[in-house]
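Okay, so here's the structure we're looking at.
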Amino acid sequence: MQEPFQIWKPYTQQALDPAPITIERAEGVYLYPADGDRLIDAISSWWVNIHGHAHPHIATAVADQAARMEHVIFAGFTHEPAQKLADKLRQVTPSGLSHIFFSDNGSTAVEVALKMALQHWRNRGKPERNKIVALEHAYHGDTVGAMAVSEASAFTDAFKDWLFPIERVHSAYCYRCPVGLKRETCDIECLERLESLLDARGQEIATVIVEPLIQGAGGMIMHPPEFLKRTRELCTRHGVLLIADEVFTGFGRTGSMFACDGADVTPDIMCLSKGLTGGFLPFAATLCTDEVYEPFHAPDRMRTLFHGHSYAGNPIGCAAAIASLEVFESEPVFERIRTVERIHRERLPLLAEHPMVGDARMIGTVAAMELKANDAGYFSDVKSRLYDFFLSRGVLLRPLGNILYILPPYVIQSNELHYVYDVVAEAIDHISES
């Protein structure tokens with residue numbers, strides 16, 4: 001008899017990890033396993049779901065579009081859903097981001113941004129501006145270019161010989177300040193390394209790429225708005241392009257529609273995905289300013305951005321994204337976000353007093369606790385001990401090693417989020433006693 005086909009799951013070790021949980025359906029904040037009780041999805045299924053699972057408006061839009069046209073080549077063709085989505089994104093993204101390149105996931109949105117920035121300078125006759133600057137603790141995706149600008153880790157180590165070199169500068173990791181200061185009295189001195197680099201070699205630098213206000217997979221590291229604002233000022237002073245990777249932070253996660261809004265910053269290039277379709281479909285967009293686009297708009301074919309995806313501009317993905325943005329218009333989404341923020345502010349300080357909690361931090365709908373551990377890091381044993389405990393209590397939380405975070409869909413009810421916090425408090429007590 002033929003062996004069953006094995007699905008290779010992300011971030012799992014097939015020989016050691018338990019069998020995956022089969023989910024039959026999902027609705028609102030709940031996942032319904034084939035066997036067992038429902039689970040509260042307190043991480044928005046890897047941060048993609050914002051309005052709740054199976055939202056009827058988005059589901060209807062996807063079905064209607066699939067019945068009309070599922071896909072068409074986007075080279076030399078266009079369609080109404082793509083144009084409508086472009087128009088709606090221009091209305092909500094920072095002013096000046098007037099050109100949009102569609103792709104299919106966060107990593108490819110970053111790849112497009114990096115290629116766009118590098119070729120911008122080549123097209124302008126300045127190929128010497130070919131260096132990229134990224135932050136410590138960065139994570140920008142799992143494709144090769146995205147790995148290159150991400151922090152070296154177990155995720156990139158097997159491929160290190162194939163990654164292009166970049167310049168690395170400090171992150172504003174206030175709990176573990178890279179320059180040994182305290183946020184209460186510092187003047188964002190962690191930016192001095194970037195400032196020195198641009199002063200010395202600004203004419204070699206093509207772009208600086210950041211995750212604005214919060215570095216997600218790097219440990220839910222939350223930056224003061226001044227860090228992003230002054231990074232923008234430094235890039236402007238030296239004529240360097242700023243890429244904002246808003247794949248995670250976009251569409252309300254940080255309390256404003258985009259993290260850049262929270263610092264009153266417009267990047268030169270912005271990457272969007274995850275919440276773009278409300279969590280329904282893989283889809284992405286890379287936006288840029290007129291200034292970035294202009295060197296590509298020329299009769300010389302060699303100035304073309306030769307980058308394309310078979311599913312670029314997919315009409316069903318566009319329809320999902322349009323419908324998600326319509327939910328922002330028709331439902332009290334930001335009131336829901338404020339409710340999540342209020343509960344984070346109420347419950348997080350109490351957990352911060354626990355002797356196992358080294359640091360507690362929040363921004364918008366994201367709350368995180370850095371737990372004390374002898375094996376701190378992504379592979380901390382704390383992760384597996386907590387993960388199983390949470391599942392036993394009907395909650396899906398997936399710690400980043402010893403970093404425990406809560407990141408629910410915005411539709412979570414107050415009693416449901418309080419329950420999540422009750423389980424977290426119980427879990428921290430449980431592992432501190434074991």
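One table, with the values for the structure above:
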{"item": "Residue list for the stretch 84-116, restricted to those being more than 23 Å from residue 149 (Cα to Cα) and in a helix (DSSP H, G or I)", "result": "84, 85, 86, 87, 88, 89, 90, 91, 92"}
{"item": "Close pairs from the stretch 362-381: first closer than 20 Å to residue 275 by Cα and touching a residue at least 60 places away in the same chain (Cβ under 8 Å), partner part of a loop (DSSP other than H, G, I, E, B) and among the charged types (D, E, K, R), Cβ under 7 Å, at least 6 apart", "result": "364/253; 365/253; 366/253"}
{"item": "Any hit, the stretch 226-248, residues being assigned to a strand (DSSP E or B) and over 18 Å from residue 149 (Cα atoms)", "result": "no"}
{"item": "Matching strands (runs of 3 or more DSSP E) fully within the stretch 324-434 where at least 1 residues are out of contact with any strand residue (DSSP E or B) (no Cβ under 6 Å at 6 or more places or on another chain)", "result": "357-363, 366-371"}
{"item": "Only one of 232, 201 that is more than 18 Å from residue 288 (Cβ to Cβ), surrounded by fewer than 24 Cβ atoms within 10 Å (Cβ to Cβ) and in the same structural domain as residue 136 (by TED's automatic domain parsing)", "result": "201"}
{"item": "Extreme residue, surrounded by the most Cβ atoms within 10 Å (Cβ to Cβ), among residues of the stretch 117-168 that are in contact with a Leu (Cβ under 7 Å, 6 or more places away or on another chain) and assigned to a strand (DSSP E or B)", "result": "133"}
{"item": "Residue tally, condition out of contact with any helix residue (DSSP H, G or I) (no Cβ under 6 Å at 6 or more places or on another chain) and within 21 Å of residue 319 (Cβ to Cβ), over the stretch 45-69", "result": "13"}
{"item": "Near pairs, Cβ below 6 angstrom, 6+ apart or cross-chain, from the stretch 69-80 (more than 14 Å from residue 320 (Cα to Cα)) to any residue that is surrounded by 11 or more Cβ atoms within 10 Å (Cβ to Cβ) and small (Gly, Ala, Ser)", "result": "74/312; 74/313"}
{"item": "Single match in 312, 263, 284, 319 (criterion: touching a residue at least 24 places away in the same chain (Cβ under 8 Å) and within 30 Å of residue 402 (Cβ to Cβ))", "result": "263"}
{"item": "Residue count for the stretch 180-202, restricted to those that are touching a helix residue (DSSP H, G or I) at 6+ places or on another chain (Cβ under 9 Å) and under 19 Å from residue 241 (Cβ atoms)", "result": "6"}
{"item": "Pair list, Cβ < 9 Å and 6+ apart or interchain, from the stretch 83-108 residues that are in the same structural domain as residue 285 (by TED's automatic domain parsing) to residues that are in a helix (DSSP H, G or I) and of a type in the set (Val, Ile, Thr)", "result": "84/322; 85/322; 88/322; 99/292; 101/112; 103/112"}
{"item": "Filter result for residue 76 (modelled with pLDDT under 95, outside any helix (DSSP H, G or I) and either within 24 Å of residue 258 (Cα to Cα) or assigned by TED's automatic domain parsing to the domain that holds residue 312 (or both))", "result": "yes"}
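For every residue, the table says whether it meets (1) β-branched (Val, Ile, Thr); (2) out of contact with any Gly (no Cβ under 9 Å at 6 or more places or on another chain); (3) in a helix (DSSP H, G or I).
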| position | (1), (2), (3) |
| --- | --- |
| 266 | yes, no, no |
| 280 | no, no, no |
| 286 | yes, yes, no |
| 299 | no, yes, no |
| 302 | no, yes, yes |
| 306 | no, yes, no |
| 309 | no, yes, no |
| 313 | no, yes, no |
| 316 | yes, yes, yes |
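The values are calculated or read from the model by the stated rules, or taken from the named source; none is laboratory data. Everything numeric in this text was worked out from a predicted model, so none of it was measured. Backbone-built Cβ (ideal geometry, glycine too); neighbour counts: all protein chains shown.
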